[in-house]
Amino acid sequence: MKNVDDLIESAGDLAARGLSRGEIADELNVSRETASWLVERAGRSASAVGAESDDGGAGGPQDVHVDWSAIGEAGARLASIGDALADLLREHSHDVDLVVGVEKAGVPLATAVSRELGVDLGTYTPRKHQWEEGDIEDLGGSFSRNFAQVEGRDCFIVDDTITSGTTISEAVEAIEESGGNAIAAAVLVDKQGVGDVNGVPVDALMQVIRVGNDD
């Protein structure tokens, strides 16, 4: 399990390798705001960061880091999780013919789900992968031409985590704008109990519930 110091170090390493802050958020399974907070601290001295932590980290983000590498590193475990996600999605429809995985981490999960359901696979790269700072609405996502296209298809969406629902909402809108129909979404972890996005139900294998006061 990573602590905050580990996450700061990982964020710094990823930034040094040229990943955008949006990509870092995706890689570390944290919000974009948290990714920015981690990257900003990665270049500072350990003593300065430690002193801030001792002060309670005033002004820091309230977020939950999800590390599911124990699943991702083993094909058999990934397949089992895909079966579980597929079982959740079957409750919404048995007629869907396309599973759309949200890049990056959602794609291996979506691959396992599409295999279990016996349907085609599509992938969507969200706009946050281009994001560094400023208004993310100025950016755009895309479907990969190397996978199945969504036009005229009923679709399930698969991602690893959901925080505010922004990425799933974007995927729903992109599917509909491309002539598809988003039926439901499934994720490993729902970090805020989102439930549905743009009228599309979102199921999760696990939900994170914060207990207590953030102050």
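The values are calculated or read from the model by the stated rules, or taken from the named source; none is laboratory data. Bear in mind that the values here come from a model prediction, so they are computed numbers and not experimental data. Cβ atoms come from the backbone with ideal geometry, glycine included; neighbour counts cover every protein chain shown. SASA here: full protein model, heavy atoms, side chains in, ligands and nucleic acids out. Shrake-Rupley method; radii C 1.70, N 1.55, O 1.52, S 1.80 Å.
If you check residue 180 against the conditions, is it surrounded by fewer than 21 Cβ atoms within 10 Å (Cβ to Cβ) and either in contact with a strand residue (DSSP E or B) (Cβ under 7 Å, 6 or more places away or on another chain) or not aromatic (Phe, Trp, Tyr) (or both)?
Here the answer is no, as residue 180 does not meet what is asked.
Assess whether residue 10 counts as being part of a helix (DSSP H, G or I), over 17 Å from the mean Cα position of the chain (by Cα) and in contact (Cβ under 8 Å) with a residue 12 or more places away in the chain.
Yes: the conditions hold for residue 10.
Here's the yes/no breakdown for (1) under 24 Å from residue 86 (Cα atoms); (2) at pLDDT 95 or above; (3) within 16 Å of the chain's Cα centre (by Cα):
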residue: 128; (1), (2), (3): no, no, yes
residue: 131; (1), (2), (3): no, no, yes
residue: 135; (1), (2), (3): no, no, no
residue: 144; (1), (2), (3): yes, no, no
residue: 163; (1), (2), (3): yes, no, yes
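Just checking, does segment 94-102 include any residue being within 21 Å of residue 24 (Cβ to Cβ), open to solvent by less than 60 Å² (accessible area, probe 1.4 Å) and in contact (Cβ under 8 Å) with a residue 24 or more places away in the chain?
Looking through segment 94-102, at least one residue is within 21 Å of residue 24 (Cβ to Cβ), open to solvent by less than 60 Å² (accessible area, probe 1.4 Å) and in contact (Cβ under 8 Å) with a residue 24 or more places away in the chain.
Working only within segment 27-63, note down all residues that are modelled with pLDDT of 65 or more, farther than 20 Å from residue 210 by Cα and in a loop (DSSP other than H, G, I, E, B).
Within segment 27-63, 43, 44 meet the criteria.
If you take the residues of segment 193-215 that are in a strand (DSSP E or B) and either of a type in the set (Gly, Ala, Ser) or open to solvent by 70 Å² or more (accessible area, probe 1.4 Å) (or both), which of them is modelled with the highest pLDDT?
Out of the qualifying residues, it is 204.
Select from segment 111-127 the residues that are polar (S, T, N, Q), over 18 Å from residue 167 (Cα atoms) and open to solvent by 30 Å² or more (accessible area, probe 1.4 Å) and list them in ascending order.
Across segment 111-127, the qualifying residue is only 111.
Filter segment 144-170 down to residues that are among the hydrophobic types (A, V, I, L, M, F, W, C) and closer than 22 Å to residue 65 by Cα and give me whichever is surrounded by the most Cβ atoms within 10 Å (Cβ to Cβ).
Within segment 144-170, the match that is surrounded by the most Cβ atoms within 10 Å (Cβ to Cβ) is 158.
May I ask you to list the residues in segment 87-112 that are among the acidic types (Asp, Glu) and assigned to a helix (DSSP H, G or I)?
87
Please specify each residue of segment 160-192 satisfying the condition of being of a type outside the set (D, E, K, R) and in a strand (DSSP E or B).
161, 162, 181, 182, 183, 184, 185, 186, 187, 188, 189
Name, by its number, the condition in (1) in a loop (DSSP other than H, G, I, E, B); (2) modelled with pLDDT of 95 or more; (3) not hydrophobic (A, V, I, L, M, F, W, C) that does not hold for residue 115.
(1)
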